[in-house]
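The values are calculated or read from the model by the stated rules, or taken from the named source; none is laboratory data. Not measured: the values here are computed from a predicted model. Cβ placement follows ideal geometry from the backbone for every residue including glycine, while neighbour counts extend to all protein chains displayed.
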Amino acid sequence: MTDRHAVREGYDELAETYAAERSDDETLGTSLVEDLLADLPTEARLLDAGCGGGEPVLARAGERAVGLDFSGKQLELAAANVPVAPLVQGDMTALPFRDDAFDAVTAIHSLIHVPLDDHQRVIGEFARVLRLGGRLLVSEGHGRWQGRNPGWLDSGAAMEWDIAGAEATREQLRAAGFQLRDQWAVADTLADEDARKPFFLAELCGR
C-alpha cells in the first residue's frame, strides 16, 4: 500500500524534475483538458485535484480553477506558474471544500498515488464537491498494480503507486453516482515502458 508521506516527500524532492519531464508530454491529455474547459460556462468553477506545478489544467483554466496538492513544493511551482489560481494544500481523501462547490473536477495522475483502499472514498469526495451534472476528468491505469521506484526519473527520489485499473475505476465511478461519458487511452512517456493510460470523462447524475 502506498505510503502517503513517501509520495509527498517524493514530489517535494523532484518537483522541478517532474515539471520539466511532463512539459512536453501527453498532447492528447492536454487536449482533453482544453475540451473540458471549452464546454464549461465562463462562470464555472473547477477543482484540479493533484494540480502539481500547474500543468496542464491550471495553466489553461487560470482563476476559474482551484488547485489542490499534497506537496508544498508542487504548490510553490504552481503559484509561480499560475499566480492567479487559488491554491490549497490538502488530501484528496478529505477535500477541504463545501458540498456542491464546483462544476468540474480534474484528477490527472493523482488518483494513482492514493492507497487502493481509499480510491472509492476519493471518488466519493469528488462527487460530494461537485454539483449535480458536474463533470469529472480522471486518469488511471489499465490494470491493477502496486509498486515503488526508488529513483524515479533518475532523480534519486522514491515514488509509489497504487493503481486500481480501468474496470475497478469504472465501477467506483458508478458507485459514486457518476455516469461514464467517454474514455480515451493516452500515451504516458514517463512510464518505464510504452504505456497508454485511460482517461475517463464522467458526469455526476446522483449520489
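Only one residue in Leu28, Leu36 is modelled with pLDDT under 90 and of a type outside the set (Val, Ile, Thr), so which one is that? Lay out the reasoning, then the answer.
On the way: Leu36 fails: modelled with pLDDT under 90.
Only one candidate passes the filter, namely Leu28.
Go through region 123-139 and count every residue that is assigned to a helix (DSSP H, G or I), of a type in the set (A, V, I, L, M, F, W, C) and surrounded by fewer than 24 Cβ atoms within 10 Å (Cβ to Cβ).
Restricting attention to region 123-139, the residues satisfying the condition of being assigned to a helix (DSSP H, G or I) are 123-129.
Those left that are additionally of a type in the set (A, V, I, L, M, F, W, C): 123, 126-127, 129.
With surrounded by fewer than 24 Cβ atoms within 10 Å (Cβ to Cβ) added as a condition, the list becomes 127, 129.
Total satisfying the criteria: 2.
So is Arg207 charged (D, E, K, R), part of a loop (DSSP other than H, G, I, E, B) and either more than 16 Å from the chain's Cα centre (by Cα) or more than 17 Å from Leu47 (Cα to Cα) (or both) or not?
On the way: charged (D, E, K, R): yes; part of a loop (DSSP other than H, G, I, E, B): yes; either more than 16 Å from the chain's Cα centre (by Cα) or more than 17 Å from Leu47 (Cα to Cα) (or both): yes.
Judged against the criteria, Arg207 is a match.
Results for (1) modelled with pLDDT of 90 or more; (2) over 27 Å from Glu13 (Cα atoms), shown as yes or no for each residue.
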residue	(1), (2)
Gly90	yes, no
Phe97	yes, yes
Asp117	yes, no
Gln146	no, no
Asn149	no, no
Gly156	no, no
Gln172	yes, yes
Ala175	yes, yes
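Report yes if Asp103 is assigned to a helix (DSSP H, G or I), surrounded by fewer than 22 Cβ atoms within 10 Å (Cβ to Cβ) and touching a strand residue (DSSP E or B) at 6+ places or on another chain (Cβ under 9 Å), otherwise no. Working first, answer last.
On the way: assigned to a helix (DSSP H, G or I): no; surrounded by fewer than 22 Cβ atoms within 10 Å (Cβ to Cβ): yes; touching a strand residue (DSSP E or B) at 6+ places or on another chain (Cβ under 9 Å): yes.
Answer is no for this residue.
Can you tell me which of Ala80, Ala6 is part of a helix (DSSP H, G or I), of a type in the set (A, V, I, L, M) and at pLDDT below 95?
On the way: Ala80 fails: at pLDDT below 95.
Going through Ala80, Ala6 in turn, just one is part of a helix (DSSP H, G or I), of a type in the set (A, V, I, L, M) and at pLDDT below 95: Ala6.
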Check: Which one of His109, His119, His142 is assigned to a loop (DSSP other than H, G, I, E, B), under 20 Å from Asp69 (Cα atoms) and under 17 Å from the mean Cα position of the chain (by Cα)?
Finding: His109
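Any idea how many residues of region 41-77 are among the β-branched types (Val, Ile, Thr) and either in a helix (DSSP H, G or I) or touching a Ser or Thr at 6+ places or on another chain (Cβ under 7 Å) (or both)? It would help to see each step written out before you state the result.
If we filter region 41-77 for residues that are among the β-branched types (Val, Ile, Thr), which is where we start, we get 42, 57, 66.
When the remaining residues are screened for being either in a helix (DSSP H, G or I) or touching a Ser or Thr at 6+ places or on another chain (Cβ under 7 Å) (or both), the result is 57.
Of the residues in that region, 1 qualify.
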Next item on the list: Search region 83-100 for residues being under 11 Å from Val66 (Cα atoms) and in contact (Cβ under 8 Å) with a residue 24 or more places away in the chain, and hand back the single one that is surrounded by the fewest Cβ atoms within 10 Å (Cβ to Cβ).
Entry: Phe97
Next item on the list: Examine region 150-168 for a residue that is under 18 Å from Ile112 (Cα atoms) and of a type in the set (S, T, N, Q), and state whether such a residue exists.
Entry: no
Note to self: Could you list, ordered by first residue, the pairs with Cβ atoms under 8 Å in which the first is in region 128-140 and in contact (Cβ under 8 Å) with a residue 60 or more places away in the chain and the second is in a helix (DSSP H, G or I) and among the aromatic types (Phe, Trp, Tyr), at least 6 apart or interchain?
What the structure shows: Leu136/Phe126; Val138/Phe126
